[in-house]
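Data block below; observations after.
The values are calculated or read from the model by the stated rules, or taken from the named source; none is laboratory data. Since the structure is predicted, the reported quantities are computational estimates derived from the model, not experimental observations. Positions of Cβ are generated from backbone atoms using ideal geometry, with glycine treated the same way; all protein chains shown enter the neighbour counts. Note: accessible area is taken over every heavy atom of the protein model, side chains too, but ligands, DNA and RNA are not part of it. Shrake-Rupley method; radii C 1.70, N 1.55, O 1.52, S 1.80 Å.
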Amino acid sequence: MSTTTVAHHEEHAEHPTGIMRWLTTTNHKDIGTMYLTFALIMFFVGGAMILGIRAELFKPGLQLMNPEFFNQLIGVHALIMIFAALMPAATGFANWMIPLQIGAPDMALPRLNNWGFWLLPPSAILLTLPFTLALFGIGDGALATGWTFYPPLSIQGGIGVDFAIFAVHLLGISSVLGSINIIVTVFNMRAPGMTLMKMPMFVWGWLITAFLLIATIPVLAGAVTMLLTDRHFGTHFFDAAGGGDPIMFQHLFWFFGHPEVYILLLPVWGFIPQILETFSRKPMYGYKAQVYSFWAVGALSVVVWAHHFFTSGMPVPALLYFMYSTMAISLPLAVMFFCWIKTMWKGSMSFETPMLFTVGWIILFGIGGLTGLVLADVAADAQYHNSYFIVAHFHYTLFAGGIMGIMAGTYYWLPKMTGHMYNEKLGKLHFWLTAISFNLTFIPQFFLGLAGMPRRIPDYALQFAEFNMISTIAAFTLGLSQLIFVYNIVTCARGGKKATDQVWEGAQGLEWTLPSPPPYHSFTEQPTVK
Amino acid sequence: MATHSNNQYYVPHGSIYPAIIAAGLLSLASGFIFSVATDKSQELAYLQTPGKWMMILGATLILGMTFKWMGAVIAESITGQYTSWEDKSFRIGMIVFICSEVAFFAAFFGALFYMRILSVPDLAGYDLDITPYKDFLGTWPSSGPGGMTVSGEFKPGLLHPMAAWGLPAINTALLLSSGATLTWAHWGLIRNNRKQLVIGMALTVALGIAFLICQAAEYHEAYTEMGLTLESGAYGASFFMLTGFHGFHVMLGTIMLIVILIRCMKGHFTPEHHFGFEGVAWYWHFVDVVWLGLFVFVYWL
């Protein structure tokens, strides 16, 4: 590195301190840290809401809250967990890791990156403000429609629906900005020699995610805009009296909503093979097959949306089409599962916390995927639809498949990001408590759903009492064990055993060639990849 | 990409504008919600005035900070901070942004096709013994089986669609020729012919403004003479939302063209280095193409 570069580097490393550093930053690591911190805080906000729900469902009858408030908690829990916890966590890792993994000096559009983050706190305020306003007698609380905003309920609802609509708008702008930034970074900032087919899987996962966001988030924005004009300006998009159709909203919403599932999962599918190859100490199996599977899942995800509302009414050919195309998604997923298992096959494996989470993830996400295959069957879905079966299914895909994957990634990269090793014993304890209590929370819900317990209802028949009690106790255990996670992250950020540059014995890739923690500006001189 | 290894990518210093714009959006959104809260509950009428002030505050913050932010970008551009490497980032970014805009319009076109092909004919197709809409014909354009209200009076099924070959055809000609003048201006820029550039840009801006005036006239006619409003069922909703969002984009595009025109007159662009010009030109052509879709599917067919 020449002397001029060093001088340049140090001049740039100067930055304001205190709150101004974080408000004004254009540094990808600062912004990544803000995303991750925000996601962790909102994970607990959303978690507290659902513990309120579980407490109400502890036994039959209404004990703690009225049904309206129950519905509000459910809707806001989902919106927060999806848009304010899981997506920002994935974006945080994208900001931290994509420039390190492709050997870039920073993200391509740093100021846009800053804007993308600072749109999130206002959206979180919009989502939760109606609860506070209701305490002062203004309005009747947050949206009580569930996160899906189905009309006509959402057209009749109070100001909570408007707040949620605008929260979705701001979150949408944030996601589109983040996606633009990631696509530009991947196409324009790679180090010499880093061809597309040499990119780490995580970068590939995020590239497809960004494409999906660009294609679908604006459709959601359009759909909620129509909802807004139906509510306040007299349009009839979702009103049959004017020639519109409430079911049209379901089509528009799920055209976004189904790809959203893969938007949440694709970044995690990027973590998994990288962690597997590190702790199996052998190169990943089927890199190309996995990349092509990402493309296949991405392409299929935008043409299968109507399987979310088979029971709303559709012509039979449409039902058959959406059933078969949904089932077709399991083909590329099966390829990925095979590659993940084959990567571990005959490897010299060790089970540090990230690996434990990954192996646990493969099993639990597998259950999520297989129960999804059952739901894709039109005839079977008529029984499962809107029951607790579907609740259990999507928590296997989004809590196990999404959040546990994020946790695996957190333990994997935390030493790189902070420069310290986390507490391995606490990490393992966190894994076992999470995995066991997660299963105890949601396995009973599969049976509750099969027995006919509907979702989003605060009261239930006596026959469901035992399983709900088990589920509630396990849910509180699950929630409390996440405090270990926070404690581990905070102590790791503050100090501890120094991490080496490579951190893990089998770790491969450019991010492990930098010191731990990496300097404020990582690759001022781009490395060459052979 | 090997060519980039010698130069530094420009990472701008910290900026407070994005965070303030985000705060402005929060103020604008919640102000809007407060100011329309009476639609659902009369008790909230006292929120109307604070809501309006919050909207004004939010809009002021957004506009002011956008102005400052773009000013900073222009200053960085003319002091030569951007090389071909940064330029390529802006190009890819602009293309992806336009793709997201396409998806936004696709949602409204999707709604139009859904109502026209599926929901309106379906509503006319039910068994006469059970349907409440016995006289309803599922033809397009339609204000739906519930009829529409014209100046407080209920008129079943009444609807005059906007004719394609009046003002809309003129608007099509205006926008298409503005695309041509913009390209002519671009040729002037590439040949370093400042006069051709400025005349071409000025013509483009004038055509954009003429389009907006024609559309305002069309809306005025629809509301005052034809009784065609946002509340006129499926046709009214899709007509005004599609043309309205398009018109909003034309307005934004015209403002951007005016900024670029001023920058052209100041000589900010060189034949080799003029992403600002091209980005706005791409946006303008995109708006142009959306209009063609509108003309064919909303007005004509």
> When only Cα pairs under 8 Å and 6 or more residues apart are kept, what is the percent relative contact order across chain A?
Replying inline: 18 percent
>> Placing unit charges on C-beta atoms (Lys and Arg positive, Asp and Glu negative, everything else neutral), compute the dipole magnitude of segment A:26-199 about its Cα centre in debye, rounded to 20.
In response: 500 debye
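Based on the Cβ-Cβ distance from A:Asn66 to B:Ala210, what FRET efficiency comes out when R0 is 56 Å, to the nearest 0.05?
Values: r = 57 Å, r/R0 = 1.03.
Calculated transfer efficiency: 0.45.
Taking the inverse of the average 1/r across all pairs of different Cα atoms in segment A:146-271, what Kirkwood radius in Å do you get? Each step should come with its number before you reach the end.
Details: mean 1/r = 0.0623 Å⁻¹.
That comes to 16.1 Å for segment A:146-271.
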>> If you count only protein heavy atoms with a 1.4 Å probe, what accessible area per residue comes out for the protein assembly as shown, rounded to a whole Å²?
In response: 39 Å²
>> Quick check: with the 1.4 Å probe, what order do A:Trp295, B:Trp85 take by accessible area, largest first?
In response: A:Trp295, B:Trp85
> Stretched out fully, how many nm does the piece from A:Gln156 to A:Gln508 gain, at 0.36 nm a residue minus the Cα gap?
Replying inline: 121.3 nm
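I need the per residue convex hull volume for segment A:11-93, using only the alpha carbons, in cubic angstrom as a whole number. Spell out each step's value before the answer.
Working: hull volume 8.1 nm³, N = 83.
Measuring per residue, one finds 98 Å³ for the Cα hull of segment A:11-93.
If you take each beta carbon of peptide B:90-101 and count the beta carbons of other chains within 10 angstrom, what is the mean?
If you average over the peptide's residues, the count of other-chain Cβ atoms is 6.
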>> At 1.4 Å probe size, what's the solvent-accessible area of A:Lys288? Round to the nearest 10 Å².
In response: 120 Å²
> Using alpha carbon centroids, what distance separates segment B:6-51 and segment A:512-530, in Å?
Replying inline: 38 Å
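Could you sort A:His251, B:His220 by accessible area so the largest value comes first, with the probe set to 1.4 Å? Can you show the working numbers first?
Working: A:His251 35, B:His220 115 Å².
Listed by decreasing accessible area, they come as B:His220, A:His251.
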>> Give me a comma-separated list of calculated 3J(HN,Hα) values for segment B:139-145, in order, Karplus coefficients 6.51, -1.76, 1.60 applied at θ = phi - 60°, integers in Hz, x for any Gly or Pro.
In response: 8, 10, x, 9, 9, x, x
> Which value, in Å² rounded to 10, gives the accessible area of B:Cys214 with a 1.4 Å probe and all protein chains present?
Replying inline: 30 Å²
> When the chain is fully extended, how far beyond the present Cα-Cα distance does B:Val259 get from B:Ile199, taking 0.36 nm per residue of separation?
Replying inline: 20.2 nm
> Treating the beta-carbon of each Lys and Arg as +1 and of each Asp and Glu as -1, no other charges, what is the dipole magnitude of the protein assembly as shown about its Cα centre, to the nearest 20 debye?
Replying inline: 2060 debye
> Ratio of segment B:83-300's C-alpha Rg to 2.2 N^0.38 Å, to two decimals?
Replying inline: 1.25
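Going by a ≥ b ≥ c, the root eigenvalues of the Cα gyration tensor, does segment B:1-110 fall in the rounded group (a/c under 1.5), the prolate group (a/b larger than b/c) or the oblate group?
Working: a/c = 4.32, a/b = 1.98, b/c = 2.18.
Verdict is oblate for segment B:1-110.
Compute the semi-axes of the equivalent ellipsoid of segment B:34-171, taking the square root of 5 times each eigenvalue of the Cα gyration tensor, and list them largest first in whole Å.
Values: eigenvalues 413, 146, 46 Å².
Sorted largest first and rounded, they come to 45, 27, 15 Å.
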> Quick one: Cα centre-to-centre distance for segment A:445-497 and segment A:258-305, in angstrom?
Replying inline: 27 Å
> Amide H to amide H, which residues 5 or more places from A:His420 or on other chains are under 5 Å from it, using H placed in the peptide plane?
Replying inline: A:Ala499
> Roughly how big is segment B:56-190's charge dipole about its Cα centre, with Cβ charges of +1 (Lys, Arg) and -1 (Asp, Glu), in debye to the nearest 20?
Replying inline: 300 debye
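Between beta-carbons, use under 14 Å as the cut-off and find the net charge around A:His236, counting Lys and Arg +1, Asp and Glu -1.
Numbers: positive: A:Arg231, B:Arg116; negative: A:Asp230, A:Asp239, A:Asp245, B:Glu231.
That sum, taken over residues with Cβ under 14 Å, equals -2.
With the cut-off at 1.5 for a/c, could you classify segment A:401-510 from its C-alpha gyration tensor as rounded, prolate or oblate? Please list the in-between numbers first.
Details: a/c = 3.84, a/b = 2.74, b/c = 1.40.
In terms of gyration-tensor shape, prolate.
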> With point charges of +1 on the Cβ of Lys and Arg and -1 on the Cβ of Asp and Glu, referenced to the Cα centre of the protein assembly as shown, which listed residue (A:Trp115, A:Ser312, A:Gly32) lies farthest in the positive direction of the dipole?
Replying inline: A:Gly32
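Taking all pairs of different Cα atoms in segment A:26-199, averaging 1/r and flipping that mean, what Kirkwood radius in angstroms comes out?
17.5 Å
Could you order A:Lys425, A:Lys282, B:Lys88 by accessible surface area, starting with the largest, using a probe radius of 1.4 Å? Before the final figure, lay out the partial values.
Working: A:Lys425 170, A:Lys282 60, B:Lys88 85 Å².
Greatest to least solvent exposure: A:Lys425, B:Lys88, A:Lys282.
For an R0 of 60 angstrom, estimate the FRET efficiency from the Cβ-Cβ distance between A:Asp501 and B:Thr270 and round to the nearest 0.05. Display every interim value, and only then the final one.
Values: r = 45 Å, r/R0 = 0.74.
Efficiency, rounded to the nearest 0.05: 0.85.
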> Can you list the HN-Hα couplings for segment A:161-170, worked out from phi with the Karplus curve (6.51, -1.76, 1.60; θ = phi - 60°), rounded to whole Hz and with x for Gly and Pro?
Replying inline: 5, 4, 4, 5, 4, 6, 4, 5, 4, 5
> Using alpha carbon centroids, what distance separates segment A:130-197 and segment A:330-378, in Å?
Replying inline: 29 Å
>> Can you report the principal axis dimensions of chain A using only the alpha carbons, biggest first, rounded to whole angstrom?
In response: 72, 51, 46
> Rounded to the nearest 0.05, what FRET efficiency is calculated for A:Thr311 and A:Ala461 with R0 set to 22 Å and r the Cβ-Cβ distance?
Replying inline: 0.55
>> With angles folded into 0 to 90 degrees, how steeply does helix A:246-280 sit against the dominant principal axis of chain A? Use alpha carbons for both and round to 10.
In response: 30 degrees
> Considering only the other residues whose Cβ falls under 13 Å of the Cβ of A:Ala142, what net charge follows from Lys and Arg at +1 and Asp and Glu at -1?
Replying inline: -3
> Tell me, what is the 1.4 Å probe accessible area of A:Arg281, in Å² to the nearest 10?
Replying inline: 80 Å²
